[in-house]
Each structure stands twice: as C-alpha cells, then as structure tokens.
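Worksheet: the structure to be examined is printed underneath.
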Amino acid sequence: MTLTVGVDVGGTSVRAGVVDASGAVLDTARAPTPGGESALEATLARVVGELAARHRVTAVGLALAGFVTPDRRGVRFAPHLPWRDAPVADRMAARLGLPVVVEHDANAAAVAERRFGAAAGASVVVFLALGTGIGSALLVDGELFRGAHGVAPELGHLCVVPGGRACPCGKAGCWERYCSGTALAATTVEMLARAPGRSPALRRLLADDADGLTGRRVAAAAREGDPVACAAVADLARRLGEGLSLVADVFDPELVVIGGGVSGSAPLYLDDAREHYAATLTGGGRRPLARIRTAQLGEAAAVVGAAQLARAAR
C-alpha cells in the first residue's frame with residue numbers, strides 16, 4: 001500500500017498526516033509554526049520524520065496559503081509564512097530524502113474533495129475556503145486550473161465594494177473583507193456601532209475584549225437568536241450569493257463547494273446565499289444554476305489533497 005504524507009502549513013500550526021490511496025488518514029502529527037525559514041523547515045522535517053519513522057512513506061506534499069511556482073517547487077510569497085522566492089521543495093527533499101511537492105492549500109483541499117468528498121464526479125468545480133479570508137480553487141474535469149503563472153484563481157480579492165474595507169492585499173473592498181469569518185466579526189462591530197442597544201451581550205463581549213468578537217462567536221450568538229448577529233449573518237449570506245453570481249458569470253461551474261472554518265455554520269446562511277445567487281446571476285431563470293454544497297473532509301482536506309498530489313507526482 002502506497003503511503004504519502006500531506007502537510008498543512010498554517011500560520012499558527014503545522015498539521016501532517018499519513019494518507020493512503022483511498023484518502024484515509026492513518027496517523028497524524030502537529031507542531032506550532034515557528035518564525036524564520038530555517039526554523040520552519042526544521043519543524044517540517046521533524047514532523048514528517050516522526051511520521052516516516054512509524055510508516056513507510058514515499059513522498060511528501062506541502063499545502064500552504066501563498067503563491068506557488070507553476071512547477072510546484074517553490075514559494076514566491078506566503079503572507080503568514082517566512083518564505084519569499086524560496087526553493088522549498090528542493091530544500092525539504094534534501095532534508096527528508098523524499099520527493100516533495102508544494103501546493104496552494106485551497107488547491108490541495110479542492111483535489112481532496114474532488115477525489116474523496118463533496119465534488120466527486122463533478123466536471124467544473126469552484127472550491128471556496130471561507131476562513132480568515134477566502135481561499136479558492138478551480139477544477140476542470142478533475143484538473144486544477146492554475147493560470148499562466150500558477151496563482152489563479154484569487155477570488156477572495158475580487159472587488160465587490162469599490163472603496164470599501166481595506167484589505168491586507170493592498171486593495172479595498174475585496175470579497176473576503178465582506179464574506180469570511182473575519183468579515184462576519186467586522187460587520188457585527190459596524191452594526192453594533194449603529195445600534196448599540198440592540199445586543200447588550202455582544203456589546204459587553206466587545207467592551208471586555210476587542211479581539212474576542214470573532215466570527216465563530218458571532219455565529220454562536222446567531223444560533224441563539226441575537227438580532228445583531230443574525231443581521232450580520234444575513235449580510236454574509238447576501239455577500240456570498242452575490243459574489244458567487246460573479247464567479248458563475250466567469251466560470252459557469254457545475255458545482256461550488258464551500259469549505260473552511262465558516263462552512264461549519266452553513267445552516268445559518270447557505271439557503272439564503274443560494275437565493276441571492278439565483279436572484280443576481282446574469283440570465284437567472286434561463287440557465288442552469290450551480291449546485292452549492294459544503295465540503296465533506298473538514299480540516300483534513302488540505303492534508304489529504306497534498307498527500308494525493310504528492311502521490312500523483314512520484
């Protein structure tokens with residue numbers, strides 16, 4: 001049985017797993033993400049080495065949020081990691097004595113969902129990971145579309161509100177500033193400022209800890225019927241549906257898969273998002289609508305996808 005290792009290299013933690021050809025994760029290891037290239041690569045070598053000591057693995061895939069070179073050997077830029085124009089795959093292969101490939105984390109998750117999860121059998125698939133921002137991927141007949149320079153598609157940075165909220169990418173009004181976990185919290189803060197008496201519980205939370213009003217906590221408050229939290233979730237649903245109509249005008253997908261941390265709250269917003277999508281799609285009512293589903297593999301998706309890509313590249 002061929003075993004490979006997939007590693008989700010996040011800004012706060014490194015999560016690795018041994019994955020078999022059926023997509024099953026057989027063993028895991030994790031560590032905090034250190035600062036600095038050398039320290040990060042040493043941590044990756046240690047985590048993968050720990051798994052390789054317990055299993056006979058044949059290749060390694062690294063999944064991360066950033067710009068990966070078209071040959072999947074290097075990292076041009078990763079906003080939450082120290083690599084800049086770094087030959088990561090070659091350096092890690094030398095450390096590990098194993099073949100290594102590098103992939104964008106949304107691409108890796110999309111591959112996993114296509115092979116083993118919600119996107120099985122679909123021909124044209126858009127994958128959206130809603131979390132701190134929006135990660136995205138496009139699959140055509142099961143193959144990743146990477147663009148001419150390996151960085152497509154950056155759907156989270158479509159401008160949906162000209163002159164809107166500032167984005168870390170340097171632009172303003174990006175989709176992810178209005179449709180993500182971070183955006184859900186920001187929308188709630190704005191609504192509380194306009195109507196301070198509507199949600200005493202959220203106001204107290206914000207007063208006690210300015211960083212404590214997270215998207216996860218807003219979603220929890222919405223489940224309990226808090227009026228401001230419900231309004232913020234409704235705004236996210238509208239932004240998601242309207243953004244998906246733009247995406248569909250360009251790619252005409254058969255299926256949209258929603259993953260990432262915000263997908264866990266999908267029962268709060270996904271039906272409304274579908275309605276907004278259908279209402280704003282160009283030619284709506286005269287063309288098929290994409291199916292919109294939540295991801296099935298959860299946090300394991302990037303690990304499973306990276307391992308699958310490493311297996312295919314051997």
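The values are calculated or read from the model by the stated rules, or taken from the named source; none is laboratory data. Treat the numbers as computed from the prediction; the structure is a model and nothing was measured. Note: ideal-geometry Cβ built from the backbone for every residue, glycine included; neighbour counts use all protein chains shown.
Things to note:
- Long-range neighbours under 8 Å by Cβ, at least six apart or interchain, first residue over 15 Å from Phe127 (Cα atoms) and modelled with pLDDT under 95 within segment 286-314, second surrounded by 15 or more Cβ atoms within 10 Å (Cβ to Cβ) and of a type in the set (Lys, Arg): Ala313/Arg72
- Matching residues, segment 37-53, being touching a strand residue (DSSP E or B) at 6+ places or on another chain (Cβ under 6 Å) and of a type in the set (D, E, K, R): Glu50
- Check on Thr43, polar (S, T, N, Q) and exposed (fewer than 14 other Cβ atoms within 10 Å of the Cβ): no
- Test: residue in segment 76-90 that is buried (at least 21 other Cβ atoms within 10 Å of the Cβ), among the β-branched types (Val, Ile, Thr) and within 22 Å of His149 (Cα to Cα): yes
- Check on Val25, surrounded by 19 or more Cβ atoms within 10 Å (Cβ to Cβ) and not basic (Lys, Arg): no
- Considering Ala122, Ala93, Ala112, the condition of being more than 16 Å from the chain's Cα centre (by Cα) and closer than 18 Å to Leu309 by Cα is satisfied by Ala93 alone.
- As a summary of the residue check, Glu50 satisfies the conditions (1) touching a Phe, Trp or Tyr at 6+ places or on another chain (Cβ under 9 Å); (2) assigned to a helix (DSSP H, G or I); (3) acidic (Asp, Glu) except for the one numbered (1).
- Failed item, numbered, when Ala310 is tested on (1) within 30 Å of Pro99 (Cα to Cα); (2) of a type outside the set (D, E, K, R); (3) out of contact with any Asp or Glu (no Cβ under 8 Å at 6 or more places or on another chain); (4) outside any helix (DSSP H, G or I): (4)
Per-residue answers, yes or no, for (1) at pLDDT 95 or above; (2) hydroxyl-bearing (Ser, Thr, Tyr); (3) more than 29 Å from Pro168 (Cα to Cα):
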position: Asp71; (1), (2), (3): no, no, no
position: Asp85; (1), (2), (3): yes, no, no
position: Ala93; (1), (2), (3): yes, no, yes
position: Leu96; (1), (2), (3): yes, no, yes
position: Val100; (1), (2), (3): yes, no, yes
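- If you go through segment 69-111 and keep only what is part of a strand (DSSP E or B), aliphatic (A, V, I, L, M) and within 26 Å of Thr294 (Cβ to Cβ), you end up with nothing.
- Any chance Val14 is touching a helix residue (DSSP H, G or I) at 6+ places or on another chain (Cβ under 7 Å), surrounded by fewer than 19 Cβ atoms within 10 Å (Cβ to Cβ), within 14 Å of Ala302 (Cα to Cα) and at pLDDT 95 or above: no
- Scanning segment 281-299 for residues that are part of a helix (DSSP H, G or I) and touching a Lys or Arg at 6+ places or on another chain (Cβ under 9 Å) yields one hit, Glu299.
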